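A.B. asks: Before I ask anything, here is the structure I am working with.
What follows draws every value from the coordinates through simple rules; no lab data is involved. Computed from a prediction, not measured in an experiment: that's the story for all the values here. With ideal geometry, Cβ positions are generated from the backbone for all residues, glycine too; neighbour counts draw on all protein chains shown.
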Amino acid sequence: MQNTKTSPKDFFLHLLSAVTLYMVAISFSTLLFQYVNHFFPDVLENYYTAESINSALRFSISMLLVALPVYGWAIWSLRKIYKKEPEKKDLWIRRWLTYFTIFVAAIIIIIDMITLINNYLGGEFTIRFFLKVLAVLVVATAVFSFYLLDIKDKMSKKIFLLYYSGTISLIFGFIFGGFFLVGSPAQQRMARLDNERVSNLESIYYNLESYYADKGTLPTNLEFLNKSPNYFANILDPETGYNYKYNILTENKYQLCAIFALENIDKNSNGVMVTRPIKVGYDSGPSFWKHGSGEQCFDLEAVTRDSVTQNIL
């Protein structure tokens, strides 16, 4: 048995199963983390967090949809080889990769428990933190127990099918739920377009503030942003190609308006929209640009450089 040679096929299947296993474990952990981020949001999160959650969800789902079937096929193929040629279980590559996987899983479990105890003693034990620790623990424990049984040759057909079918069913269940969180490709495109509109409005806003600080007056229109070498911003909606609406209200107060496809706005516990305040000078933040669907206008007030300096002092 010890003289059993490793064929290219053996090397390929064992290495492929190991690499795809790590891909599945990492992407599934990431998927679980985003579930926690979505259902238990941090009060300190800002406007961009929703997009970062969606981005992580899309990436983890994409990786799982590719890596999980490949891993399942590789493991199933290896089981068939072991049944026909039991001596293949003693291949050096199988033993090394298996023990390395068990080692990594054990280290992750140890670190996970240390982190849990440390944060608990430090008074930072929240449901959000606990669920993330639990997610890592479940994934690492599943990997550790499966490969420990496998290397000790205690993996019966019944146990293997339990792990195999249970893991695939569980992961695909979370993937299916992830599609509802992420939304359709069409919704994702609309969300990206809305993000681009917000980015454009914020750029226009800073340029208008700079213009007012330099000249003490607001420009009559936004065309100057395409003509002046000192100021530049995209004044066109990325989808329609029309200019964003710019309304001068008083000598130093104005509105910037855009038509958004989706709602992304703060609401209180009763579901009532939170009133958006007027932003003065360079005082802007991500939460200010949250919006409903349809045409949304943002009230702004420009200040001179002297006013900015006085506010700082």
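A.B. asks: At most 14 other Cβ atoms within 10 Å and a DSSP loop assignment: could you name the chymotrypsin sites (Phe, Trp or Tyr not before Pro) in region 216-265 that fit? Show your work: numbers first, answer last.
C.D. replies: Values: sites: F224, Y231, F232, Y242, Y244, Y246, Y254, F260; in loops: Y231, F232, Y242, Y244.
Here the sparse-neighbourhood loop sites are F232, Y242.
A.B. asks: Distance cut-off 18 Å, Cα to Cα: go down the list K5/K154; K227/K290; K83/K154; K215/K253 and report the pairs above it.
C.D. replies: Details: K5/K154 24 Å; K227/K290 29 Å; K83/K154 14 Å; K215/K253 15 Å.
Violating the 18 Å Cα-Cα cut-off are K5/K154; K227/K290.
A.B. asks: I would also like to ask the following. Along its principal axes, what span do the Cα atoms of region 57-133 show, with the longest given first and each in whole Å?
C.D. replies: Projected onto its principal axes, the Cα set of region 57-133 covers 55, 30, 15 Å.
A.B. asks: Across region 252-263, in residue order, what do the Karplus-derived ³J(HN,Hα) couplings come to in whole Hz, using 6.51 cos²θ - 1.76 cosθ + 1.60 with θ = phi - 60° and x for Gly and Pro?
C.D. replies: With coefficients 6.51, -1.76 and 1.60, one gets 10, 10, 7, 10, 10, 10, 8, 9, 9, 7, 10, 8 Hz.
A.B. asks: Whole-Hz ³J(HN,Hα) for each residue in region 231-243, computed from phi via Karplus 6.51 cos²θ - 1.76 cosθ + 1.60 with θ = phi - 60°, x for glycine and proline: what do you get?
C.D. replies: Whole-Hz 3J(HN,Hα) from phi for region 231-243: 9, 7, 7, 7, 9, 10, 5, x, 9, 8, x, 8, 5.
A.B. asks: Distance cut-off 23 Å, Cα to Cα: go down the list K89/K157; K84/K158; K84/K152; K9/K158; K132/K157 and report the pairs above it.
C.D. replies: Where the Cα-Cα span goes over 23 Å, the pairs concerned are K9/K158; K132/K157.
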